[in-house]
Amino acid sequence: VNITRQLFHNRTDKVLDVYDLASDLVVYDVINNRILFSPAVQDSTMFETFPAFSADGTALYFSAAHAPEEGGSPAVVRYDLYEIAFDTASGRTANEPYLLFKEEDKSITFPRPSPDGKYLMFTAAPYGTFPIWHKEADLYIMDLQTKEVRSVREINSPDTDSYHSWSSNSRWVVFSSRR
């Protein structure tokens, strides 16, 4: 759940950005028709967004950033990659999320684990939560066993690469590109 706004640039190389004013995670229980809340992913000083369950359902991956100080530009916020344990029986999360990956000059968004549980693909851009307008946005992959991260050079281009998804057998990825 979030509140977003648009920011229109007057530069030809940047068209627009979308940024959070508030953002939290909730889990919807489809069997019991209820929403589950967790204070661990509803921190008013953080923007939590883009959740995805691990392949086995025992963790949530998501992007989160510290809310900018009052008067600070929300468009330059950088998101990091987090993981939090999820109990499939109770629908509760662990008490604290774990910082899985941080890159000082990148904003990490759209974490998507492979169905076989081996990899996590995400988008990295210079800042923000809406990389579709960032020519510098590229796809990265994390080996979930070793936690090694690398750029997916085989598919990245000089233009925006983002919005990815895995095939059900984890052999293929599909993504959008502005190339």
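The values are calculated or read from the model by the stated rules, or taken from the named source; none is laboratory data. These figures come from a predicted structure and were not determined experimentally. Backbone-built Cβ (ideal geometry, glycine too); neighbour counts: all protein chains shown. To get the accessible areas, we keep the full protein, side chains included, count just its heavy atoms, and leave off ligands, DNA and RNA. Shrake-Rupley method; radii C 1.70, N 1.55, O 1.52, S 1.80 Å.
The alpha-carbon of K118 sits under 14 angstrom from the alpha-carbons of these aspartates and glutamates, leaving out residues fewer than 8 places away in its chain: D56, D143, E148.
If you model segment 48-111 as an ellipsoid using its alpha carbon gyration tensor, with each semi-axis the square root of five times an eigenvalue, the axes come out at 25, 12, 9 Å, biggest first. Over the chain, accessible surface divided per residue gives 57 Å², non-protein components excluded, 1.4 Å probe. Only Cα pairs within less than 10 Å get springs; with that Gaussian network setup on the chain, which residue of T129, T58, T146 has the largest fluctuation? Looking only at T129, T58, T146, the biggest GNM fluctuation is shown by T146. Full extension of the chain between D116 and R179 yields a length gain of 19.8 nm, computed as 0.36 nm times the residue separation minus the alpha carbon distance. Across D17, D80, D116, mean-square fluctuation computed from a Gaussian network of the chain (C-alpha pairs under 10 Å connected) peaks at D116. Taking Cα atoms of segment 103-179, Rg/Rh with Kirkwood Rh, to two decimals? Computed over Cα atoms, the ratio is 0.95. Here the gap between D87 and S151, fully extended at 0.36 nm per residue and compared with their Cα-Cα distance, gives a gain of 19.9 nm. So, counting K/R as plus one and D/E as minus one, what does the shell of residues with Cβ under 15 Å around L99 add up to? Local charge sum for L99: -3. Normalising by residue count, the chain has a Cα convex hull of 126 Å³ per residue.
Seen from all directions on average, segment 19-67 presents a Cα convex hull projection of 3.9 nm².
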